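First up is the structure itself, then whatever we jot down about it.
The values are calculated or read from the model by the stated rules, or taken from the named source; none is laboratory data. The structure displayed is predicted, hence computed values, not measured ones. Every residue, glycine among them, receives a Cβ derived from its backbone with ideal geometry; neighbour counts consider all protein chains shown. These accessible areas exclude ligands, DNA and RNA; they are computed on the full protein's heavy atoms, side chains included. Shrake-Rupley method; radii C 1.70, N 1.55, O 1.52, S 1.80 Å.
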Amino acid sequence: MIKWIKKLFWEPPADKTEIEIKALFQFLIDDYGFTYAKNDLGNLVDKNGKLIFYGPLLAYQLYNENLCINIVNLVQRADYDIYITEKCNNDQHYIFSGLRLPSHLAYRRQEFANEIKSELLNSRTIWGKNI
């Protein structure tokens, strides 16, 4: 009985990736008016809906009215990618049709955050897209 009651109040472990992304990109929210969202996109499927890989497929999204930075995580494979789209959307096909950034940046998020800071200071763009 006590185990059952504990399960009612047990919180799942913190998402370390989410904590890291929020910390690294907080400057976008504070200084540039971006919004943060985390969305579960379900299983990874092709354009016809055929299953490619079981999810969850998570999207950590930093967005404003002009663009959205999508850091996508296929959890079971610990596989990350980054896509830039024109708007925030929970459709994985829309996200995957966006500008795909070099894959090393998805794993070196501090380097990615530094590149964004530098580009914003110099040209008020992110990967050539106006904010």
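Which residue, of 78, 106, is surrounded by fewer than 18 Cβ atoms within 10 Å (Cβ to Cβ) and more than 21 Å from residue 47 (Cβ to Cβ)? Reasoning before the result, please.
Numbers: 106 fails: surrounded by fewer than 18 Cβ atoms within 10 Å (Cβ to Cβ).
Of 78, 106, the one residue that is surrounded by fewer than 18 Cβ atoms within 10 Å (Cβ to Cβ) and more than 21 Å from residue 47 (Cβ to Cβ) is 78.
Residues that are charged (D, E, K, R) and on the phi < 0 side of the Ramachandran plot: find the helices (runs of 4 or more DSSP H) completely inside the range 35-131 holding 2 or more of those. Outline the logic, then answer.
Values: elements: 92-96, 104-107, 109-123.
Fully inside the range 35-131 and qualifying: 109-123.
Do we find that residue 17 is polar (S, T, N, Q), open to solvent by less than 50 Å² (accessible area, probe 1.4 Å) and modelled with pLDDT under 95 in this structure?
Numbers: polar (S, T, N, Q): yes; open to solvent by less than 50 Å² (accessible area, probe 1.4 Å): yes; modelled with pLDDT under 95: yes.
So residue 17 passes the test.
Give me the residue from the range 71-85 that is touching a residue at least 24 places away in the same chain (Cβ under 8 Å) and more than 8 Å from the chain's Cα centre (by Cα) and, out of that set, farthest from residue 51 (Cα to Cα).
84
Count, please, the residues in the range 84-103 that happen to be out of contact with any strand residue (DSSP E or B) (no Cβ under 9 Å at 6 or more places or on another chain) and at pLDDT below 95.
Taking the range 84-103 first, the residues out of contact with any strand residue (DSSP E or B) (no Cβ under 9 Å at 6 or more places or on another chain) are 91.
If we keep only those that are at pLDDT below 95 too, we end up with none.
Of the residues in that region, 0 qualify.
Could you list, in sequence order, all residues of the range 88-105 that are touching a helix residue (DSSP H, G or I) at 6+ places or on another chain (Cβ under 8 Å) and closer than 15 Å to residue 68 by Cα?
Scanning the range 88-105 gives 89, 101.
Take the range 109-126 and flag every residue that is at pLDDT below 95 and open to solvent by 70 Å² or more (accessible area, probe 1.4 Å).
Matches in the range 109-126: 121, 122, 124.
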